[in-house]
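This report refers to the structure that appears directly beneath it.
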Amino acid sequence: DAEITQSPRHKITETGRQVTLACHQTWNHNNMFWYRQDLGHGLRLIHYSYGVQDTNKGEVSDGYSVSRSNTEDLPLTLESAASSQTSVYFCASSGDTGSGSYEQYFGPGTRLTVT
Amino acid sequence: AQRVTQPEKLLSVFKGAPVELKCNYSYSGSPELFWYVQYSRQRLQLLLRHISRESIKGFTADLNKGETSFHLKKPFAQEEDSAMYYCALSGGGFQKLVFGTGTRLLVSP
């Protein structure tokens, strides 16, 4: 069955370290998204991609970067982790508009703690 | 700018009572509206979307463009409905979503 996975599921890191969160989907979706979930803020879009070599900034992109070298993966990198980036991170993917489906399929989340 | 507002952080009801989770949006064009749900220890999943006009698990939501609202309703709440509910908007033909802050629904026996 097609799925979307994230790793690691839990991560503790120190301020200033570089951290990469992995997202892998086997839906063959062109569209992939990274959100962070914080109490009182809901889910906020960090970065997104509509295809290989395409990346776009979302609402809260400062301090984060992504790269899309293939269809299946969209890793999220925190260049220099800060305590304000302690959060739960969700990856999602969706099919093209032509399919008529806007449904986003979410991964299980990664809980990141920056100390 | 696109914005989604969910005014209630917590909605607590008894089993069998009607439920209405409020969602208002701000968008100048024609939006696509969705409700996503996150049950305890599960991943976020789509509950329903306005274009399909369907009822899922007894929930319905009608897009009211005049009031810019997309409230989620269920006539008789069940304990298994307890979860976090997010209203989301997509506009301009783009698939990225703008989420509200979420409402936690707690259904007590």
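Coordinate-derived values only; no laboratory data. Bear in mind that the values here come from a model prediction, so they are computed numbers and not experimental data. Every residue, glycine among them, receives a Cβ derived from its backbone with ideal geometry; neighbour counts consider all protein chains shown.
The table that follows gives values for the structure above.
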read-out	value
Set of aspartates and glutamates near B:K15 by C-alpha distance (under 17 Å), chain-local residues within fewer than 8 positions excluded	B:E79, B:E80, B:D81
Shape box of the range B:1-77 [Cα atoms, principal axes, largest first, Å]	38, 26, 25
Translational diffusion of the range B:43-109, µm² s⁻¹ [Kirkwood Rh, Cα pairs; Stokes-Einstein; 20 °C; 1.002 mPa s]	161 µm²/s
Residues whose placed amide H lies under 5 Å from that of A:T86, excluding near-sequence neighbours	A:V114
Hypothetical label at B:S55: residues of the range B:7-30 whose amide nitrogen lies under 14 Å (7 Å Cα-Cβ projection)	B:19
Rough spin-label spacing in nm, given labels placed 7 Å along Cα→Cβ, for A:D38 and B:R3	1.8 nm
Percentage of interatomic Cα-Cα distances in chain A larger than 16 Å	57 percent
Separation in nanometres of the label points that stand 7 Å from Cα toward Cβ, at A:S65 and B:S26	3.3 nm
Net charge dipole size for the protein assembly as shown [Lys, Arg +1 and Asp, Glu -1 on Cβ; Debye, nearest 20]	440 debye
Cross-link pairs A:K11/B:K22; B:K9/B:K74; B:K9/B:K65; A:K57/B:K22 - those with Cα-Cα distance over 25 Å	A:K11/B:K22; A:K57/B:K22
Point-charge dipole on Cβ atoms (K/R +1, D/E -1) for chain A, about Cα centre, debye to 20	360 debye
FRET efficiency for B:A17 and A:A2, using Cβ-Cβ distance with R0 set to 45 Å, rounded to 0.05	0.75
Descending semi-axes in Å of the protein assembly as shown, equivalent ellipsoid built from Cα gyration tensor	29, 20, 16
